[in-house]
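Take a look at the structure below.
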């Protein structure tokens, strides 16, 4: 893993990356049914995590985004749960990532390591940059926090690309967690540990490395 955080984001963003190898990805991981149902119940009944939600919104505003129009993925998940819709079920790996994101209220991205080309830059998207989204036609990333490899942008804290998505053929997973500074480094480290534990338990993957900036 080779992750670089652009200087213009260093004062506002903490980011962590976790690599998990040997994952078993199935469309519906039945062993997650009961834990996810319990997590949804707890999140519906729990008081708002207003400090974290507010801090992530401030992170978006720091790069010129309106978080009510371009909503952080973590907040979108929590809103979905509180509407009674439950967490989306995509596949076992993505379901674990959504579970951890909803609980920590930090935006996550999950990617197939073997679909990423070279080192990763975490930076602000440039004019005209875009990618094909998952379930969307095009995601425009100009002015947004984005992940980019040698091919170009492939992820951001709101939505990820079809090019690097996790599928049932994925054997090596990259998890990226975003958090606002200050306090973000510790929050990211805790989120990575939680995610590594759950991916091992529910997908059989083994942590192969991590980096927190």
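Every number here is computed from the coordinates shown, using simple stated rules; none is lab data. Note that the coordinates shown come from a computational prediction; the quantities given were computed from them, not determined experimentally. Every residue, glycine as well, gets a Cβ built from its backbone with ideal geometry; the counts of neighbours run over all protein chains shown.
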Inset, instruction - Distance between Cα centroids, region 1-69 to region 153-213: provide it in whole Å. - result: 9
Legend entry - Highest-fluctuation residue, 130, 103, 117 considered, GNM on the chain with Cα pairs under 10 Å: 117
Legend entry - Peptide ranges 63-70, 91-98 listed from the most packed, as the mean C-beta count within 10 angstrom indicates: 91-98, 63-70
Inset, instruction - First check a/c for region 81-206, with a ≥ b ≥ c the square roots of the eigenvalues of its C-alpha gyration tensor; if it is under 1.5, answer rounded, and if not, answer prolate when a/b is larger than b/c or oblate otherwise. - result: rounded
